[in-house]
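Reading through the C-alpha cells given below for one structure.
Every read-out reported here was derived from the displayed coordinates using simple, explicitly stated rules and does not represent laboratory data. Predicted model, so just to flag it, every value in this text is computed and none were measured. Using ideal geometry, Cβ is built from the backbone for each residue, glycine included, and neighbour counts are taken over all protein chains shown.
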Amino acid sequence: MLAPSLLAADFRNLEKEMSWFNQSAASWLHLDVMDGVFVPNISFGFPVLRAVAKLCKKPLDVHLMIIQPEKFIPEVKALGAYMMNVHYEACPHLHRVIGQIHEAGMHAGVTLNPSTPVSVLEDIIRDVDMVLLMSVNPGFGGQQFIEHTIDKVKALRAMIERTGSKALIEIDGGVNMDTGRRLREAGADILVAGSAVFGQTDPLKAAADLAAL
C-alpha cells in the first residue's frame, strides 16, 4: 500500500493535486501535522486539513507530530479520518490514548522516532492497528533514509507475528523505489512517500510504481 504525504504537495493548487491523487493507485493520504514543539517545524493545521478532507476521496492517515495529541481527537474525528497516528514519545499514557482514539471510531496508530526501539511496544502491540516507523528524524521532508530502519521493520514484524497482533507496519521518510522495495521485503505494509510522488513529473506513474512494490 502507498500513502503519499501531503507535505510534499504544491500548496498553491491543492485542488489540482487532489484531483490526480483521487485517480491514483495510492490507498491513503498521509497528513503530517507539526506543532513546532515536539518537532522543530510547523506544517499545517485544521483549517487546511478540513479543506483537504473535502477534496480527498481516499482514507485520511493523520500523523500528529505534536505534544498532547489526545486533545485533538475530536477534531481529527471530525475530518472523517480513518487512522489517527500519535507518537509514543509524546504520550506518557499511551494505552489510554489508544483507547480514546478507538472510542472515537477511528483506527489507532503509534509512531516511533528513529532512536526509539520497537521493544517499547511489547505491551501495547495487540491494541494498535498500525505502527509507523520514522525512517528519518521527524520534522522536515527530503531527508536521507536511515538504513537501520530495515532491521527495525524485521524486528517489528517478528513481534507482530509472535504476539498475534493485527497491526500494520507503515514507514515514513526517504522512501523511493529502492528503499521501498527493501522495506516491503523486510515486512512493511504501507509506504509513505512525499517528493517521490508529489514531486514527480508524472505523479500518477510514480504512485503506481510505488504501490506495486
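The phi-based Karplus calculation (6.51 cos²θ - 1.76 cosθ + 1.60; θ = phi - 60°) puts the 3J(HN,Hα) values of the stretch 9-15 at 6, 7, 6, 6, 8, 5, 4 Hz, whole numbers, x for Gly and Pro. Over the chain, dividing the summed -39,500 (n - 2.57) contributions of all DSSP H runs of at least 4 residues by the number of residues returns a 222 nm mean residue ellipticity of -9500 deg cm²/dmol. Going from the fewest other Cβ atoms within 10 Å to the most, the residues 201, 149 appear in the order 201, 149. When only alpha carbons are used to place a centre, the stretch 1-43 and the stretch 97-155 end up 18 Å from one another. Shown in residue order for the stretch 144-155 are the 3J(HN,Hα) couplings computed by the Karplus curve 6.51 cos²θ - 1.76 cosθ + 1.60 at θ = phi - 60°: 6, 4, 8, 4, 4, 4, 4, 5, 5, 4, 4, 5 Hz (x for Gly and Pro). Neighbour counts of other Cβ atoms within 10 Å put 189, 10, 32 in the fewest-to-most order 10, 189, 32. Normalised by 2.2 N^0.38 Å, where N is the number of residues, the C-alpha radius of gyration of the stretch 24-105 stands at 1.07. Counting only aspartates and glutamates at least 8 places from residue 16 when in the same chain, those with an alpha carbon closer than 16 Å to its own are 202.
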